[in-house]
1. Note down, for segment 329-431, the three equivalent ellipsoid semi-axes (square root of 5 times each alpha carbon gyration tensor eigenvalue), biggest first, whole angstrom.
2. Mind running the shape call on segment 150-275? Use the C-alpha gyration tensor, a ≥ b ≥ c as the square roots of the eigenvalues: rounded below 1.5 for a/c, prolate if a/b tops b/c, oblate otherwise.
3. State which entries of LYS60/LYS440; LYS197/LYS498; LYS197/LYS235; LYS249/LYS283 exceed 26 angstrom in Cα-Cα distance in the structure shown.
4. Tell me, MET475, MET404, MET1, MET230 in order of fewest to most beta-carbon neighbours within 10 Å?
5. Shape call for segment 44-113 from the C-alpha gyration tensor, a ≥ b ≥ c root eigenvalues: rounded (a/c under 1.5), prolate (a/b greater than b/c) or oblate?
6. Working from Cα positions, state the angle (0 to 90°, nearest 10) between the long axis of helix 140-161 and the longest principal axis of the chain.
7. Roughly how many debye, to the nearest 20, is the charge dipole of the chain about its Cα centre, given +1 on each Lys and Arg Cβ, -1 on each Asp and Glu Cβ, and no other charges?
8. Can you give the helix-only mean residue ellipticity at 222 nm for the chain, where every DSSP H stretch with n ≥ 4 adds -39500 (n - 2.57) and the sum goes over all residues, rounded to the nearest 500 deg cm²/dmol?
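Laboratory data are not the source of any read-out in this text; all were calculated from the coordinates shown. These numbers were taken from a predicted model, which means no experiment stands behind them. Cβ coordinates were reconstructed from backbone atoms using ideal geometry, including for glycine residues, and neighbour counts include every protein chain displayed.
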Amino acid sequence: MLIILLLVTFLAVATAYQWKRCQKLPKGPTPIPIIGNFHQFIYHGLKLGSAVAVYHHFEKTYGKVFTLWMGPLPTVYIADYDVAHESHIKRSNIFSKRFATGTMNYIREGRGIIASNGEFWQEHRRFALTTLRNFGLGRNIMEEKIMEEYRYRIADFKKTNFKNGAIEVHAGSFFDLLVGSIINQLLISERFEQDDKEFDQIKTALAESLENFGIVDIFFPTAFLDSPLMSWRQKKIFKPFDFVYEVSKRNIAKRVAQVESRDHVIEDGGNDFVDAYILKIQKDKRDGVKSTFDYETMAIDVFDLWQAGQETTSTTLSWAFSCLLNYPNVVKKLRAELMKLTGGNRSIGLNDRPDTPYLNATCNEVQRIASILNVNLFRHIEEDTVIAGQPLSAGTAVTTQMSMLHTDEKVFKNSTEFDPERFIVNNNLEKTLIPFGIGKRSCLGESLARAELYLILSNLILDFDIEPVGSPPQMKTLNPFGLLRRPPVYNIRFKPVKL
Ligand code: HEM
Ligand SMILES: *[C@@H]1O[C@H](CO)[C@@H](O)[C@H](O)[C@H]1NC(C)=O
């Protein structure tokens, strides 16, 4: 009897507490204590088939900004460009802190670039950006590095995978090796090879983790994840990250040893990110300043850049070619534009950008269709404020959901159609396309990623006819409820235009 009484009292208090908090949050479906809106999320998820469809469902009822309770945590979703701009740019002081408990902070513990905050984040983001810029981000050196890897990779697969007049590859592996090598060259001057066991292990590990990483996992607090109750899940999701972090640490230790033994001499600011970092550590030590740059934070920064710079771009390219295989007319138009410009006499370079409107539109449309984050990373609100005329209280996790913006039928009609032309017909559309996020925490690698997409996509189309192996891949994600929207898995044939 007493237990029932206690339970009823607890539920009454919890309900009242939640009701009170709801008054200080944007509208949303009514949550129940502890569970929040999970039950509604699961119900509509089963009915509608994807997280994005569920978000759109709630958007229809509650508007462009709404609240969903992930268990005891209120999370707010922005599905409108103007609100995103108003909050994340005009009031960036409130909307620029990363929400990073639990999974996000695994290994990182407030360090790195993705999940850190405050002065640490500012220092390390600035350092990474300056360093990558010094190594060519947004300049010709970057183009050379990307094209060198492109040519190497094509020549390599021509040797191993040439079948019936074409290079036949597993698209995902091909782009993984290419993109993985580009970022790895920037970070530590190393390329991955086809038979590289470690790269295979890293990729298999990350794929396993990403396939298992669900939306709810972002919200679990660290203590809960560390509990015996959750250890099975810990292993599934985190083991792979342990491995990637170990590799990052090992590579750094190797370089440091080489520097100490003078087998590696760092000259003129160094050759890569790790060199630059070592110089920074040495300089801070010499200057006697209190520094957050040491070998351990370097391993985490490298771990962050590697993860953020590899899977994202590779995934986007896999999406790109699954679209192109399904829309041969787009390929025809692209080829015509590129041939007119080069006569087939040279490769496409970044300087061609102003002269390739159709290619630019295609890159945009690829990023829109790919929308590789089902759920964008969250920001953490630390003071009470207002959003789109509604109250927003401290402690809330907020995000601009690009996956919703990019599938908004009012902006992108027939949003499931791959139609680059839409960006040419309507010049304003580009503004509302924000695959790299918005505001101070938006993607640090945007210009690198854009350069990779532009150069790899255009030169593949210029150099090869593309053919599916079997029927074209379905333009459908493997995991509609995952964090990263994984692309279809398929093989592709690149048939040289000139032999
Ligand atoms: C097509 C490829 C890519 C896409 C679509 C993409 C997208 C994103 C998005 C949506 C965010 C979160 C933004 C936010 O909170 O609003 C982000 C953050 C980040 N990205 Fe990318 N990204 C890509 C490639 C890259 C590359 C190549 C690098 C590394 C060189 C990189 C490094 C980062 C980092 C370090 C962050 C965290 C930034 C911070 O919290 O300050 N990304 N990216
Ligand atoms: C390509 O090279 C051919 C032969 O040298 C030349 O006639 C043609 O004008 C070139 N095309 C372009 C667009 O540069």
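1. The three semi-axes for segment 329-431 are 38, 15, 11 Å.
2. Details: a/c = 2.83, a/b = 1.22, b/c = 2.31.
Oblate.
3. Listed pairs above 26 Å: LYS60/LYS440; LYS197/LYS498.
4. Arranged by neighbour count, lowest to highest, MET475, MET404, MET1, MET230 become MET1, MET230, MET475, MET404.
5. It is oblate, given that a/c is not under 1.5 and a/b is not larger than b/c.
6. With rounding to tens, the tilt is 80 degrees.
7. Value, rounded to 20: 860 debye.
8. -17500 deg cm²/dmol
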